[in-house]
Amino acid sequence: MKTEMDTTVFGLQIDRLKKIYGERFYPDARVTAIYAWAKNMPLEKFSKIIDDAIANIPNSKPPMLADLKEIFPKYNEVRTATQPRCKCCHDRGQFMALSKSNPNDPMAAEDFACPYCEAGKSQRHLKYWQEHDAEKYTPSFTLRNLVKSVFKSVEPNQQTEEV
Ligand SMILES: [Zn+2]
């Protein structure tokens, strides 16, 4: 099965839209615009976006490029379907930490750059999590039951188990 996007596999996905919403809503100019937007994404992701559009958008409202773009962020994680490498941030490079004194207030939560992986090093707008921050904050990875022992055992230079 093809996983790369090209005009043929792209066309098959557009045919699914045409079949349900009507061919006239997808003239060449519009299809070209959609292709320009979609051509660099994996086919799997594009077909999920089309699945989602078909499942959720009524027949009376043919999905346009703007609708597909709106669906797009939901499938951003497709690439990381395999095991994430960083136990602390799941390769996002950052994680949230709840305030210990005010754990129910999302405004009191902070985002920290992950100090334990490569992804974290590219975070320039956040401050790095440091041990002493644990006095005031509970990081989300401990909330995910990846208990403190994991946190302590991950050294700054330990990157991947499966290089
Ligand atoms: Zn990390």
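Just one of the listed residues (Lys87, Lys74, Lys69, Lys61) is assigned to a loop (DSSP other than H, G, I, E, B) and loosely packed, with under 15 Cβ neighbours inside 10 Å, namely Lys61. Contact map, the range 98-124: residues that are closer than 9 Å to Tyr137 by Cα paired with residues that are modelled with pLDDT under 85, Cβ distance under 8 Å, separation 6+ or inter-chain. Pairs shown: Leu98/Ser140; Leu98/Leu143. Scanning the range 90-107 for residues that are surrounded by 15 or more Cβ atoms within 10 Å (Cβ to Cβ) and away from the ligand (no atom under 16 Å from the Cβ) yields Leu98, Ser99. Inspect the range 67-83 for any residue being outside the structural domain of Tyr21 (by TED's automatic domain parsing), at pLDDT 60 or above and touching a helix residue (DSSP H, G or I) at 6+ places or on another chain (Cβ under 8 Å) and give the result as yes or no. So far as the range 67-83 goes, no, none of its residues is outside the structural domain of Tyr21 (by TED's automatic domain parsing), at pLDDT 60 or above and touching a helix residue (DSSP H, G or I) at 6+ places or on another chain (Cβ under 8 Å).
Selection of the range 1-36 for residues being within 24 Å of the chain's Cα centre (by Cα), surrounded by 14 or more Cβ atoms within 10 Å (Cβ to Cβ) and part of a helix (DSSP H, G or I) yields Val9, Phe10, Gln13, Ile14, Ile34, Tyr35.
The values are calculated or read from the model by the stated rules, or taken from the named source; none is laboratory data. Bear in mind that the values here come from a model prediction, so they are computed numbers and not experimental data. Backbone-built Cβ (ideal geometry, glycine too); neighbour counts: all protein chains shown.
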